Each structure stands twice: as C-alpha cells, then as structure tokens.
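Undergrad: After the structure tokens below, expect a handful of questions from me.
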Amino acid sequence: MEKRTIPNHIAVIMDGNGRWAKSRLLPRTAGHLAGFDKFVDLVKSCDDLGIKYLTVYAFSTENASRGSDEVSALFSLAAKAVGGYESKLMARNIRGVVVGDIDMAGEKLAETIRGCEERLASNTGMTLCIAFCYGGRKEIISAINKAIKNGEAELTEEAFSRYLYTAGIPDPDLIIRTSGEIRLSNFLLYQSAYSELYFTDVLWPDFDKAQLEKAIDDYSGRKRRYGR
Ligand code: IPE
Ligand code: IPE
Ligand code: MG
C-alpha cells in the first residue's frame with residue numbers, strides 16, 4: 001500500500017441516520033442518536049490521526065423543512081450535545097467553530113452555541129468546524145451582502161473568502177459522504193472547488209475508524225492536479 005497522506009482538512013457529510021434506523025425498525029431519532037455517537041468517535045479518530053481541521057455537516061438549511069418532530073428532536077440533541085460534550089473537546093484542546101445561520105435554531109439554542117464556541121475559540125489543537133443550519137448558497141449570498149455593507153467595490157478570491165462563515169479555515173482536502181448518495185447537498189459549495197470526493201454506501205451510524213482510514217487511504221492514492 002502507498003504511504004498514507006493525512007489530509008489537512010477532512011469534511012464529512014454524515015448521511016444515512018434515517019435509513020439506518022428504518023432498517024432496524026427504529027424511529028429516525030434513534031438513528032440520529034446513534035449518529036451522534038459516531039460523530040464523537042470521528043472527532044477522536046481525526047484528532048488521534050493528527051488531522052488539523054475537521055468539518056461535519058450536522059444540519060442543513062433545507063433540513064429545517066423536515067417534519068417538526070424530527071427538527072425539534074435534532075435541535076434538542078444539539079442542545080444536549082453542546083452541554084455535555086464541551087468538556088471533552090476542552091480536554092483535547094479542540095477549537096470549536098460553528099458555521100451556518102444558527103439563529104434558525106431559535107434564540108436560546110443559538111445563544112448556547114455561541115457561548116460554547118467562545119469558550120472553545122482559543123484552544124490551539126484540532127479545529128472542529130460544525131456546519132449547523134448551514135447552506136452553501138446562503139453562505140455565499142450572506143458573504144456578498146456583508147461585503148456590500150462593508151462598502152467593498154471589488155473583491156479578490158482571498159478577500160471574498162474572508163466574508164464566508166469559514167473565514168480563516170482552509171478549503172477541505174477530502175470530502176466524505178456516507179449512505180450512497182453521490183451529491184453535495186449544498187455543502188461547502190465555494191470551498192469544495194478542488195476537494196477530493198469520497199463516497200461510501202456505509203450509513204453514517206456504521207461509519208467507524210476503519211472506514212475513516214479506508215477513505216484516507218483512498219485519498220492517499222489520488223493525484224491532485226488543480227488543473228495543471
Ligand atoms: C443525516 O441523516 C442526518 C441529517 C440530515 C440531520 P438523514 O436524516 O438524512 O438520514 P437518511 O438520509 O434519511 O437516511
Ligand atoms: C445532507 O443530507 C445534510 C446532512 C447530512 C446534515 P440530506 O439527507 O439532508 O441530503 P439530501 O436530502 O439527501 O440531499
Ligand atoms: Mg439524508
């Protein structure tokens with residue numbers, strides 16, 4: 001096998017919780033709970049492998065139009081996660097960043113998220129970026145509007161990227177999507193220009209460290225040309 005190249009930034013579209021639950025005759029929320037455990041494992045694995053940036057797609061702007069039961073279950077899982085998981089991130093010196101229009105989650109949860117983000121902001125280890133209430137198109141439009149408000153007349157790519165939610169975070173080298181869907185679903189549209197894409201049929205709650213290493217090994221064999 002070729003030498004393993006550890007990507008600087010891995011982004012993951014954690015998809016397939018609902019189908020995982022359905023195949024076990026469980027409610028979709030049980031799939032989200034199992035998916036959350038796998039997210040916790042993923043953070044650990046990436047940190048142990050020396051990955052510098054990990055971004056996960058936790059909730060899209062479009063996911064808000066799911067049934068209100070599922071949306072509120074996802075939001076209360078997020079609230080619980082923010083409360084219970086922060087100390088573990090702190091112990092690993094993980095820097096937390098949330099990207100998205102978190103006000104969509106309601107004032108209370110948005111405030112909780114902001115507080116947690118602030119407390120984790122000055123950590124110096126791996127950056128964990130959580131895309132929550134995130135939409136790539138919304139991010140681009142919001143960047144343009146911020147630039148206009150700031151009186152910008154013309155922007156370079158570099159200046160533009162500073163108006164994105166992901167300001168200061170390098171583009172993802174590898175984007176992994178589970179559950180067999182071969183699409184980006186509005187994830188990091190601007191930032192994924194030259195990302196390597198990896199799709200697997202494994203459903204998110206079944207995605208373990210061995211699966212992660214398989215994706216990284218596949219990435220290691222890629223020849224990135226950037227058009228040259
Ligand atoms: C991904 O799993 C989690 C979220 C989108 C919040 P899904 O809920 O999309 O699961 P499937 O795709 O229906 O199986
Ligand atoms: C993408 O999955 C969003 C997340 C994983 C959070 P979806 O399940 O929402 O995507 P579609 O609907 O299959 O495109
Ligand atoms: Mg899905």
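The values are calculated or read from the model by the stated rules, or taken from the named source; none is laboratory data. Fair warning: this is a prediction, and the values are worked out from it, not measured in the lab. Cβ placement follows ideal geometry from the backbone for every residue including glycine, while neighbour counts extend to all protein chains displayed.
Undergrad: Kindly list the number of the only condition in (1) under 16 Å from E213 (Cα atoms); (2) part of a helix (DSSP H, G or I); (3) away from ligand 2 (no atom under 16 Å from the Cβ) that fails for L42.
TA: For L42, the exception is condition (3).
Undergrad: Quick check: anything in the stretch 78-93 over 22 Å from W204 (Cα atoms) and among the hydrophobic types (A, V, I, L, M, F, W, C)?
TA: yes
Undergrad: Okay, moving on. With in contact with a Phe, Trp or Tyr (Cβ under 7 Å, 6 or more places away or on another chain) and not charged (D, E, K, R) as the only criterion, which of T127, T166, T156 stands out? Reasoning before the result, please.
TA: Working: T166 fails: in contact with a Phe, Trp or Tyr (Cβ under 7 Å, 6 or more places away or on another chain); T156 fails: in contact with a Phe, Trp or Tyr (Cβ under 7 Å, 6 or more places away or on another chain).
Exactly one residue qualifies, and that residue is T127.
Undergrad: Taking the residues in the stretch 1-29 that are away from ligand 3 (no atom under 15 Å from the Cβ) and crowded, with 16+ Cβ neighbours inside 10 Å as candidates, determine which candidate is farthest from Q211 (Cα to Cα).
TA: Only one residue tops the list, namely H9.
Undergrad: Would you check if E154 is among the acidic types (D, E) and within 25 Å of A110 (Cα to Cα)?
TA: Taking the combined requirement at face value, the residue does not satisfy it.
Undergrad: Could you say which residue among T5, T29 is part of a loop (DSSP other than H, G, I, E, B), among the polar types (S, T, N, Q) and at pLDDT 95 or above?
TA: T5
Undergrad: Please state which of the following conditions D48 fails to meet, knowing it meets all the rest: (1) over 17 Å from A131 (Cα atoms); (2) assigned to a strand (DSSP E or B).
TA: (2)
Here is a yes/no grid of residues against (1) more than 15 Å from the chain's Cα centre (by Cα); (2) closer than 18 Å to K52 by Cβ; (3) surrounded by fewer than 18 Cβ atoms within 10 Å (Cβ to Cβ):
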{"site": "L128", "(1), (2), (3)": "no, yes, no"}
{"site": "F132", "(1), (2), (3)": "no, no, no"}
{"site": "I148", "(1), (2), (3)": "yes, no, yes"}
{"site": "E154", "(1), (2), (3)": "yes, no, yes"}
{"site": "S161", "(1), (2), (3)": "yes, yes, no"}
{"site": "Y165", "(1), (2), (3)": "no, no, no"}
{"site": "Y190", "(1), (2), (3)": "no, no, yes"}
{"site": "F199", "(1), (2), (3)": "yes, no, yes"}
{"site": "P205", "(1), (2), (3)": "yes, no, no"}
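Undergrad: Right, next: Out of all the residues in the stretch 90-110, is one or more of a type in the set (G, A, S), under 16 Å from the mean Cα position of the chain (by Cα) and at pLDDT 95 or above?
TA: yes
Undergrad: If you don't mind, there's one more thing I want to ask. Can we say L109 is in a strand (DSSP E or B) and surrounded by 17 or more Cβ atoms within 10 Å (Cβ to Cβ)? Step through it out loud before you land on a result.
TA: Details: in a strand (DSSP E or B): no; surrounded by 17 or more Cβ atoms within 10 Å (Cβ to Cβ): yes.
Criteria not met by L109.
Undergrad: Would it be correct to say that T29 is near ligand 2 (Cβ under 10 Å from one of its atoms), touching a helix residue (DSSP H, G or I) at 6+ places or on another chain (Cβ under 6 Å) and of a type in the set (V, I, T)?
TA: no
Undergrad: Of the conditions (1) away from ligand 1 (no atom under 15 Å from the Cβ); (2) in a strand (DSSP E or B), V12 fails just one. Which one is it?
TA: Checking V12 against (1) away from ligand 1 (no atom under 15 Å from the Cβ); (2) in a strand (DSSP E or B), the one that fails is (1).
Undergrad: Would you check if D41 is within 22 Å of P205 (Cα to Cα) and surrounded by fewer than 17 Cβ atoms within 10 Å (Cβ to Cβ)?
TA: yes
Undergrad: Please work out if G136 is in contact (Cβ under 8 Å) with a residue 24 or more places away in the chain, of a type in the set (G, A, S) and touching a Phe, Trp or Tyr at 6+ places or on another chain (Cβ under 7 Å).
TA: Here the answer is yes, as G136 does meet what is asked.
Undergrad: Residues in the stretch 169-177: is at least one within 18 Å of the chain's Cα centre (by Cα), under 23 Å from S76 (Cα atoms) and in contact (Cβ under 8 Å) with a residue 24 or more places away in the chain? Please lay out each step first, then the result.
TA: Taking the stretch 169-177 first, the residues within 18 Å of the chain's Cα centre (by Cα) are 169-177.
With the extra rule that they be under 23 Å from S76 (Cα atoms), the set shrinks to none.
Looking for residues that are within 18 Å of the chain's Cα centre (by Cα), under 23 Å from S76 (Cα atoms) and in contact (Cβ under 8 Å) with a residue 24 or more places away in the chain, one finds none in the stretch 169-177, hence no.
Undergrad: Residues that are within 16 Å of V99 (Cβ to Cβ): list the strands (runs of 3 or more DSSP E) wholly contained in the stretch 122-228 that include at least 2 such residues.
TA: Result: 127-134.
Undergrad: Here's a check for you: in the stretch 1-19, which residue that is within 12 Å of ligand 2 (Cβ to nearest atom) and not β-branched (V, I, T) is farthest from the chain's Cα centre (by Cα)?
TA: Filtering the stretch 1-19 for residues that are within 12 Å of ligand 2 (Cβ to nearest atom) and not β-branched (V, I, T), the one farthest from the chain's Cα centre (by Cα) comes out as R19.
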